[in-house]
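Derivation of every value follows stated rules applied to the coordinates shown; laboratory data play no part. All figures in this text were calculated on a predicted structure; none of them were measured in a lab. Every residue, glycine among them, receives a Cβ derived from its backbone with ideal geometry; neighbour counts consider all protein chains shown.
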Amino acid sequence: MKEIQTHQIIKNSLQIEYPDGWYHKPTDVGMSGGEKSRFMIKRPFDILYYWKSNLLAIEAKLLKNGTSFSFEDVKKHQIENLIEVDKNGGYSYIAIHLWKEREINKILFIELHDFLYWKSTTEGRVKWEELQNDLRVMLNLDVKNGLINLRKSYLIGG
């Protein structure tokens, strides 16, 4: 499993639940020196989806094989850009994909304000079990056939 597959699952699921929307995956843009250049414009977040005058921004993280989640995995520039989306009337989420072959395959959605509060009150890393059972997790969705069921999730316009 790779993070790009997480993006694809979210994209396909959004397009089913919110049809006729516009999906965009911003890319890192190298200024010079190739992929490892320090002169690189970093993508603001992983997923941008526009549907019926609603803007949705998602930063997606993949956790494989029981690894814990560090709040530092979401970079400062990503948080700043998600805050800008929120301030301008959009919806911002952190999506954490928990994956372990034949055992677990689910995506958790955390609203940005809940993520920021959680980050400010928690040190270090959060274990899988804590992530799945925490009340700050807005959605805890199983991945089935490469999709998550977003029906009635209210990710947009709830």
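Computed quantities for the displayed model
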{"read-out": "For region 1-150: span of alpha carbons on each principal axis (Å, largest first)", "value": "42, 38, 30"}
{"read-out": "Cut-off under 5 Å, modelled amide H: who pairs with Ser70 long-range", "value": "Val126"}
{"read-out": "Listed pairs Lys2/Lys106; Lys2/Lys25; Lys52/Lys144; Lys106/Lys127 exceeding 22 Å between Cα atoms", "value": "Lys52/Lys144"}
{"read-out": "Summed side-chain charge close to Lys61 - residues other than Lys61 whose Cβ falls under 9 Å, Lys, Arg +1, Asp, Glu -1", "value": "-4"}
{"read-out": "Sites Thr27 and Lys76, calculated FRET efficiency, Cβ-Cβ separation with R0 30 Å, nearest 0.05", "value": "0.95"}
{"read-out": "Listed residues Thr67, Leu112, Tyr50: farthest to the positive end of the dipole of region 47-158 (Cβ charges)", "value": "Tyr50"}
{"read-out": "Only Lys, Arg (+1) and Asp, Glu (-1) charged, at Cβ; the chain dipole about Cα centre in debye", "value": "300"}
{"read-out": "Helix-only mean residue ellipticity at 222 nm for the chain, each DSSP H run of n ≥ 4 adding -39500 (n - 2.57), per residue, nearest 500", "value": "-8000 deg cm²/dmol"}
{"read-out": "Net charge contributed by nearby residues that have their C-beta within less than 12 Å of Val126 (K/R +1, D/E -1)", "value": "-1"}
